[in-house]
1. Here is a check on your reading of the model: is K109 more than 10 Å from the ligand (Cβ to nearest atom) and either modelled with pLDDT under 85 or not acidic (D, E) (or both)?
2. Every residue in region 29-59 that is surrounded by 13 or more Cβ atoms within 10 Å (Cβ to Cβ) and more than 10 Å from the ligand (Cβ to nearest atom), please.
3. Can you name every residue in region 62-82 that is farther than 21 Å from Q100 by Cα and small (G, A, S)?
4. Please work out if S56 is hydroxyl-bearing (S, T, Y) and modelled with pLDDT of 90 or more.
5. Mind checking which residues of region 71-101 are at pLDDT 75 or above, within 9 Å of the ligand (Cβ to nearest atom) and assigned to a loop (DSSP other than H, G, I, E, B)?
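The values are calculated or read from the model by the stated rules, or taken from the named source; none is laboratory data. Every value quoted in this text rests on a predicted model; they were computed, and no experiment measured them. Reconstructed Cβ throughout: ideal geometry from the backbone, glycine too, with neighbour counts over all protein chains shown.
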Amino acid sequence: MKTIRKHRRRALCILLTLICYGSADARAAESLVDTGHLIALENCSRCHAIGRSAESPLAEAPPFRRLRDRYPIDDLSEALAEGIVVGHKEMPPFAFEPPQIEALLAYLKSLGSRSDKVR
Ligand code: HEC
């Protein structure tokens with residue numbers, strides 16, 4: 001009797017674990033753009049406007065949706081890898097890993113194309 005109950009509990013544990021891992025997978029599968037949005041939110045949003053509207057909290061920091069007007073977004077990838085310092089007196093240097101850069105650029109590009117339509 002006791003052992004059966006134990007088994008059941010273990011089965012429940014395994015089931016719960018599978019459910020949790022399953023949702024972790026789903027999260028990992030979220031699009032690059034969403035990941036990039038989170039990175040921007042955590043690292044950049046206190047100075048830059050990172051969305052499709054609103055002005056930057058720090059007036060001198062260009063809203064991300066306008067970066068594309070200045071240069072091709074892909075040109076940023078090197079700067080991000082080395083740590084952006086250019087033009088960022090007030091900004092702490094960042095050094096991102098390639099997957100994060102890819103996500104951030106995907107997000108910036110998604111902004112650009114949308115604001116293109118708005119204009
Ligand atoms: C502490 C404030 C601050 C944070 C945080 C910040 N920035 Fe900036 N950023 C600035 C300012 C100020 C400028 C404008 C500098 C200038 O034009 O001289 C700027 C400019 C830029 C530019 C344009 C540079 C150019 O030459 O036109 C890019 C690209 C940029 N930031 C990317 C980012 C990214 C990506 C993040 C997050 C990973 C970030 N910034 C976080 C303050 C910040």
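1. When the stated conditions are applied, K109 passes them.
2. L32, V33, D34, T35, H37, L38, A49, G51, R52
3. none
4. yes
5. Across region 71-101, the qualifying residues are Y71, F96.
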